[in-house]
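Report on the structure given below.
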Amino acid sequence: MTVGFAASVVNGWLDGTFATATCWVKLHTGDPGASGATAAAAGDTTRKQATMSAASGGSKAASASVGPWTNGGTTETLSHISLWSASTAGTFNGSASMTGGGSWASGYTCTLTALTISVTPIAA
């Protein structure tokens, strides 16, 4: 038996916070910090919308790739993302390190092929 959160509670929180039409992703070159504003990528500063599936078992995933972002003239190393409630302004909802981030040169694109948000442990 595993102790933890009830899946129904976590799923409700995930669906409310990262709703299908209101999850926006921004690229970063370091930890975005407590407000999501630190180390924003300069090559493409836009937030891209992530279409999210319904939460299940304490996890919520993008139902399609997110992006692409196109680097408009700088070389930098991507390492993190931040998650927002709107395409501009909005509420900072969280951040994560990227698996497979790396050097991003002028003219290159970046597409997130997977995005999953999970809360653990889930009671079983």
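The values are calculated or read from the model by the stated rules, or taken from the named source; none is laboratory data. Predicted model, so just to flag it, every value in this text is computed and none were measured. Please note: Cβ atoms are built from the backbone with ideal geometry, for glycine as well, and neighbour counts cover all protein chains shown. Ligands, DNA and RNA are excluded from the accessible area calculation, which covers all protein heavy atoms including side chains. Shrake-Rupley method; radii C 1.70, N 1.55, O 1.52, S 1.80 Å.
Ranked from highest to lowest mean number of other Cβ atoms within 10 Å per residue, what is the order of the peptides 85-94, 72-81?
Numbers: 85-94: 12.4, 72-81: 16.0.
Top to bottom by mean Cβ count within 10 Å: 72-81, 85-94.
What does the charge count near Val66 come to, summing +1 for each Lys or Arg and -1 for each Asp or Glu among other residues with Cβ under 12 Å from its Cβ?
That sum, taken over residues with Cβ under 12 Å, equals +3.
Please express the shape of the range 1-116 as an equivalent ellipsoid: the semi-axes are the square roots of 5 times the eigenvalues of the C-alpha gyration tensor, given largest first in whole angstrom.
27, 14, 13
Determine, from the Cβ-Cβ distance of Thr70 and Ala34 and an R0 of 41 Å, the FRET efficiency 1/(1 + (r/R0)^6), rounded to the nearest 0.05.
On the way: r = 29 Å, r/R0 = 0.70.
FRET efficiency, Thr70 to Ala34: 0.90.
Would you mind telling me the share, in percent, of accessible area of the chain contributed by carbon and sulfur at probe 1.4 angstrom?
Numbers: 3450 of 6230 Å².
C and S atoms contribute 55 percent here.
On C-alpha positions alone, give me the angle between the axis of helix 7-17 and the longest principal axis of the chain, in degrees, nearest 10.
Approximately 30 degrees, to the nearest ten.
Tell me the mean residue ellipticity at 222 nm calculated for the chain from its helices only (DSSP H runs of n ≥ 4, each -39500 (n - 2.57), averaged over every residue, nearest 500).
Values: 1 runs with 11 residues, N = 124.
It comes out at -2500 deg cm²/dmol, rounded to the nearest 500.
For the chain, with every protein chain kept in place, what is the accessible area per residue (1.4 Å probe, Å²)? Before the final figure, lay out each step's value.
Values: 6230 Å² over 124 residues.
Value returned for the chain: 50 Å² of accessible area per residue.
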